[in-house]
Structure formats: C-alpha cells, structure tokens
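Read-outs: derived from the displayed coordinates by stated rules, not from any lab. Quantities reported herein were computed from a predicted structural model and do not represent experimental measurements. When we count neighbours, we look across all protein chains shown, and the Cβ atoms used for this are built from the backbone with ideal geometry, even at glycine.
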Amino acid sequence: MPIYDFVGKCGKSFEAVVPSGTEKTSCRCEKARCVAKRDEIVRLRGHSRQEAMNAARFLAPVVYRAKDGTYRFPGSTNSKETRRLERLGMERVELNDTVKIRKFEKSMNESERQKYQAFQAGRERLYRDQRKISRDSPEWKAAYSRMSPREREFADYAMKQNDEKRFAERSFDAGFNIQAFSYDSSNREEHRDVSTGWRGRKY
C-alpha cells in the first residue's frame, strides 16, 4: 500500500500507509468525528505519486528479535532462514509502516552508537594502563632524570598530548537504515538475490 499525507480538520498532518485511492481516514488526533483528508502530495522520499503507488509492491521489512533483545536480519521475508529463526523461538517483527521503520532505524543506530562508545572507552582504558606502566618503568625514570630542562619540557608536552588523546568520534553515525525506504535507483547498487534470479536490476 502506498504512503499518503493526510490533514485533519483539526490541522494535524500525518502520513499513513493505506489502500490505493483512499481519500479520507480517521484523524490521528483521535477526536470524535475528526476526519482527515488526503493531501495532494504523496510522500515517499520525495517521489512522484506513481512511484509511491509502486511502493505497494514491496513486502514489509521483516526482522527477528531474540530473547536477549538482539536482532537477526533474514535475506527474505519467507525462506528457510525465517523458519529456522522461528524454530529458535525468535519473535517475527514486521515493519509495516514508516513510523515503525524510522523508529527501528533510530533504535538500531543508537544501539550501535553505544557499542561504539563502549569499545572506544575500553581502548582508552587499555591505552591509559599501558601508558602508566611505561612511565613507571625504571628505564623511563632513568632516561627522564638525564634529560636537560628543555628536553624535559618537550617530554612533558608530549605526555600531556597523549593524556588528552581520545579515540571516540563525537559525531559517530552507524548509518543503519532500511534500504527500500532510504535508497532508490539513483543511490544504490544493482539488486541481486533470489527474487531477481541473481540478475542485476535497479528498483
């Protein structure tokens, strides 16, 4: 089903996945008898109405959630792999509207950001511990005691720079997304899998 923009009598605007040609739907403000009419603009990454109608051909993206909260991503919505994941007791999750898709993308990117920060924090701790061992060694202390005042000044500056070194990027972005809703023929490589008979084809 395509994505349409709707505007309610109350002025609230929202998007919804509804059957083709739907002109009116219940307003998301949930007020009694508040009806939303379809906007003339159909929104699917800025595509035309016909392209949005073609989105009806896409199956809802499916992921499987394990009991520990991690996810598995089968290559197809209905395959041997999906049945295997179901036998393992994983929960099938269908992302059947853009709200769910964007929410899932956001949660996955946040999860990956936390993993990245934890990994980099571990690297910094290891680096700090190794640095302390090196500076506490008798060899380093003896070499430092033989330095001239100018050499010590340079060594102190270098150690301060090392102490302030940070591995983590402040603006880290995992870049996780559902391709069918974030890519099209203008920005994605040719699609090859079982559904295309392993022939290259752009959507």
- [ ] Could you calculate the contour length gain from Glu164 to Lys132, that is, 0.36 nm times the residue separation minus the distance between their Cα atoms, to one decimal place in nm?
- [x] 10.1 nm
Task: Alpha carbon Rg of the range 102-163, scaled by the compact-globule rule 2.2 N^0.38 Å - done: 1.83
Open item on the list: Could you tell me the calculated FRET efficiency between Glu91 and Gln114, based on Cβ-Cβ distance and R0 = 35 angstrom, to the nearest 0.05?
Closed with: 0.95
TODO: Multiply the residue separation of Ser76 and Gln179 by 0.36 nm, subtract the distance between their alpha-carbon atoms, and state the gained length in nm to one decimal.
DONE: 35.7 nm
Open item on the list: Please list 3J(HN,Hα) in residue order for the range 119-129, calculated via the Karplus relation 6.51 cos²θ - 1.76 cosθ + 1.60 where θ = phi - 60°; whole Hz, with x for glycine and proline.
Closed with: 5, 5, 5, x, 4, 5, 5, 4, 4, 5, 5
- [ ] May I ask you to evaluate 6.51 cos²θ - 1.76 cosθ + 1.60, the Karplus curve with θ = phi - 60°, for each residue of the range 83-90 and list the ³J(HN,Hα) values in order in whole Hz, giving x for glycine and proline?
- [x] 5, 5, 5, 5, 5, 6, x, 7
Task: Extension reserve of the Ala121-Val35 stretch, reckoned as 0.36 nm per residue once the Cα distance is removed - done: 25.8 nm
